[in-house]
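**Student:** Below is a structure I'd like to ask you about.
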Amino acid sequence: MHRRTIALELACLATLCLGDHPAARAESMTPLQTQSTTPDGSLTPTNWGAGTSGITDPFVFSAFDPRLGTLDGVVMTLTATVRNDYTVNIVATPNPTTIYVADTATSDPSVLTDPTKLAQLTDGPTVTLYAPDGVTQIFGAPGTTQPVSYKAFTSATTTTFSGVLTQTTTTYTRTLDSSDAPPSLLAEFIGTGINLDLNVIASAFSSFYSDTGNGSGEILTSANATATIQYLYTPTHISIPEPSSALLLALGTGAGFLTYRRHRRATHPAESDRARGELDRPD
């Protein structure tokens, strides 16, 4: 094969290899964003929601910047700490008084005396986090509803009982993507240079029942909620030449230049001899 043909093919191969090489398009994640109703972790009495003083609500997060690429999912967590403190006051009576307290809104407090009926109650404390539209629940009942807790106290004398009924900390995780959320919901998280408001609400109830009609009881429920957001996305397409392609281009160009020199010497021997003579001439 003629040398000129070989050089031409090498140059063409290098040019083809130096064509458009897309960068790796593996999914990436944005930095973690965190918001808490009370950044110091303290618990605040429920019920609270938008406009409640003393807490951060709504949560404010930065939207996904579409200039980064295509949003594939919104990875979210909600960590809720719920605590129930009780106080029971029993007034002295000839017969002992039993008072039942529970974190429920049952319309018939007498069910607190029946363990079977009590186990059927499902309205324990609940923490709810809403999407930017303020309507769609990202986390909420029944998934974030705590079991109904209760206690019973008996005394024939004037007595006050108080203490912690329950305290729980639970973390919930959800990824909003094409398999878990409609495109319209994902679109709410996209915007250039804008913030998202996510309302968070904690609700709880309390009921008490006295079998003699004497005394009183109450439960104070307090809570803290912390939410995090990260955006899962495919970066915008970027084309970069690979080092191996640059090497091939250099090889092809070099081979082409050498072949050109040889061809010129063969077709113009006089010029080549004259050039060699000038090089060999002594100073």
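The values are calculated or read from the model by the stated rules, or taken from the named source; none is laboratory data. Please read all numbers here as calculations on a predicted model, not as lab measurements. Note that each Cβ is placed from the backbone with ideal geometry, even for glycine, and that neighbours are counted across all protein chains shown.
**Student:** Please count how many residues of the range 155-196 are closer than 29 Å to ASN84 by Cα, of a type outside the set (Ser, Thr, Tyr) and either surrounded by 15 or more Cβ atoms within 10 Å (Cβ to Cβ) or without any contact (Cβ under 8 Å) to a residue 24 or more places away in the chain (or both).
**Tutor:** 3
**Student:** How many of the residues making up the range 220-252 are of a type in the set (A, V, I, L, M) and at pLDDT below 95?
**Tutor:** Of the residues in the range 220-252, the ones of a type in the set (A, V, I, L, M) are 220, 223, 225, 227, 229, 232, 238, 240, 246-251.
Checking the rest, the ones that are also at pLDDT below 95 come to 238, 240, 246-251.
Looking only at that region, the number is 8.
**Student:** Restricting to the range 53-103, give me the number of residues that are among the basic types (Lys, Arg) and over 26 Å from GLN146 (Cα atoms). Reasoning before the result, please.
**Tutor:** If we filter the range 53-103 for residues that are among the basic types (Lys, Arg), which is where we start, we get 67, 83.
This time we only want the ones that are over 26 Å from GLN146 (Cα atoms), so: 67.
Result for the range 53-103: 1.
**Student:** Still on this structure, please answer the following. Looking only at residues that are among the β-branched types (Val, Ile, Thr) and modelled with pLDDT of 95 or more in the range 114-134, which one is nearest to PHE208 (Cα to Cα)?
**Tutor:** Here the residue is THR126.
**Student:** Looking at the range 174-229 only, could you name the residues that are outside any loop (DSSP other than H, G, I, E, B) and over 26 Å from the mean Cα position of the chain (by Cα)?
**Tutor:** Applying the first criterion (outside any loop (DSSP other than H, G, I, E, B)) to the range 174-229 yields 174-177, 183-187, 190, 195-198, 200-203, 207-210, 216-229.
Of everything in the range 174-229, those that are outside any loop (DSSP other than H, G, I, E, B) and over 26 Å from the mean Cα position of the chain (by Cα) turn out to be SER207, PHE208, TYR209, SER210, SER216, GLY217, GLU218, ILE219, LEU220, THR221.
**Student:** Taking the residues in the range 82-112 that are surrounded by fewer than 21 Cβ atoms within 10 Å (Cβ to Cβ) and under 24 Å from GLN137 (Cβ atoms) as candidates, determine which candidate is nearest to the chain's Cα centre (by Cα).
**Tutor:** My answer is ARG83.
**Student:** Go through (1) assigned by TED's automatic domain parsing to the domain that holds PHE139; (2) modelled with pLDDT under 55 for PRO182 and report which single condition fails.
**Tutor:** (2)
**Student:** Could you check the range 116-171 for strands (runs of 3 or more DSSP E) lying wholly inside it with 1 or more residues that are within 27 Å of ASP197 (Cα to Cα) and in the same structural domain as LEU186 (by TED's automatic domain parsing)? Working first, answer last.
**Tutor:** On the way: elements: 126-130, 137-139, 150-155.
Once the strands (runs of 3 or more DSSP E) in the range 116-171 are filtered for at least 1 residues that are within 27 Å of ASP197 (Cα to Cα) and in the same structural domain as LEU186 (by TED's automatic domain parsing), what remains is 126-130, 137-139.
**Student:** Moving on to the next point. Any idea which of (1) in contact (Cβ under 8 Å) with a residue 40 or more places away in the chain; (2) more than 26 Å from the chain's Cα centre (by Cα) is the one THR70 doesn't satisfy?
**Tutor:** (2)
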